[in-house]
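Here's the structure, in structure tokens; my notes come after.
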Amino acid sequence: MASHDAPGTVLGAPTPPRQAGGAEGNPVTALREALAAEQWSVAARVIGRSWGLLIEEFPADLDAAFQALPLESLRTARGVAAIREIWLATSIEPQHVVPASGPTPAMEFAGSLADADARHPVLDELALACAQMVAARMGGRHGEALDHARRVETLSHVVETTVPAARRVRQPLALLQAGITRALAGEVCGALPLLQSAYERAPYGRSDYVAKGAAGNLALFHAVEGDLDIARRWLARHDELPSSPSPHTKRVLFTGDLARALIAIETLDRDGAEAALARLEPGINAEQSWGPVVTFLHARHGVVWGDRYRALSWLQRDSTRYAGRLGPVSLMGALLVAAEVDLLLSLGRGDQALARLNRAESCPVLTAARARLELLAGRPDEAARLAAEAADITHSSRVRLEGLVVQAAAELRSGDEHDTREAWRRVQEAARSTGARLQLAALSCSDQQGLLALGGTPTPAPLERPMFPPAIALVRLTNQELLMLRGLASFRSQKELADAMFLSLNTVKTHLRAAYQKLGVSSRAEALTVAGGAGLL
């Protein structure tokens, strides 16, 4: 993206003909003059004000500036350290990145922006807050990124009410980035209005790609939420908008292809899904924030049509690779766990699926996954309870539909005709309102036949292979039995285990005997092998 020419080469180049920023002057000329005079604070201030323009249109000048600026000036200049982090993350190899932390600027202008003299500083504040937000997001620091996103929203509102429309060129891009940040940090409901505002205000901005980028992200996050008909409409707008030449064009198209792939998978369009996934293979976007989304798409495709063993291996590898981005404050953390559980269940590995769920924090998407596990394990009453809970507490149309489908199947298996009819009616309404089909295809053939006998819209035609087996075997060990098994891997004898646990030897033997019986083994070696293979250790 950027060259590493000597600073003198870039600084001696002719001044670009374009005058950016109107009355603010030409930031490229100002940056070159400041660097030539070794006025580091002036150069840092120019970068802080105009970093978006410099990244988009003058990357060589920005690259030269970061090579010339002393590291100390990056640590003390407000926001410039964050801009450097963004630059390093998108322009050179990861091993060259040397993070430099900068102080968070205070909201010092928020109370006095009615004053015309304060309007220019608030635009600077917006640019710096946006830079810190994007840098934190790229680094996988979602909690920090959310704090900056809220500051960006506040500053954008102040800009809207105090700065003339002709001067709001930075606002649409800031809103787009704030929307992406909130969505990837798990706040999709709060992100969607920001992305729509970015789309509506894009004509006032300086970056031609904002409208297309906002439409693509709206399509993607509506699809993640399960509102596929809305996602299709936004994707159509994304496709209709022209693509102007820009370093960001491929990245904008990348988010559109993410949305296209997810919509195709959730609507059982195999050809469309595989065509979109093929376009994602080269890994166009340098920002790793999207990596977990690509992994999720391959996992969903694998459950329905692909090589499930390969998809599971990739998902587990990538979950380790992206572990720093998949904490409790992230969109993809729980979704990737649910995708892993689905793959394990599709392969009949119920014990491993249960162990994976037990290691994760509870949330609606994982409650729905646990409900499916209980359904396949032959506990329809517990499955119905969990599925109803997931459907009632979630804000996601996709999770709600998944919960309702499992609930309907569970009520059918329990033999309660009244509750089955009511659950099936709600499934039909949710499917019609969202356009989703994948959750219905997850029903077993016998469940589909039983539910269709109650009336309603037919479910999708059966897949070439079932998504899940009709039933799975599940070993349910008590906490004490699990503790004893795990202890066997650390101690040479049962006596050592008893002493470490402050239990009698007979108590240890009793728990291990019960665990051996449930696992169907008769020796310590067999127990460790079977329990390890089931993911219990």
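Points to keep in mind about this one:
- For residue 250, the lysines whose Cα falls under 29 Å of its own Cα, not counting residues fewer than eight places away in the same chain, are 212.
- Contour excess over end-to-end distance, with Cα ends at residue 274 and residue 310 and 0.36 nm allotted per residue: 11.4 nm
- Cα-based reach from residue 509 at 23 Å (exclusive), listing lysines while leaving out same-chain residues under 8 positions away: 495, 518
- Pairs of C-alpha atoms in the chain farther apart than 30 Å represent 57 percent of all such pairs.
- Distance from the stretch 346-392 to the stretch 438-485 (C-alpha centre basis), Å: 11
- Helix-only mean residue ellipticity at 222 nm for the chain, each DSSP H run of n ≥ 4 adding -39500 (n - 2.57), per residue, nearest 500: -21000 deg cm²/dmol
- Separation of alpha-carbon centers, the stretch 136-180 and the stretch 500-537, rounded to whole Å: 55
The numbers here are math on the coordinates, done by the rules we state, and not lab data. Everything quoted here is computed from the prediction, not taken from an experiment.
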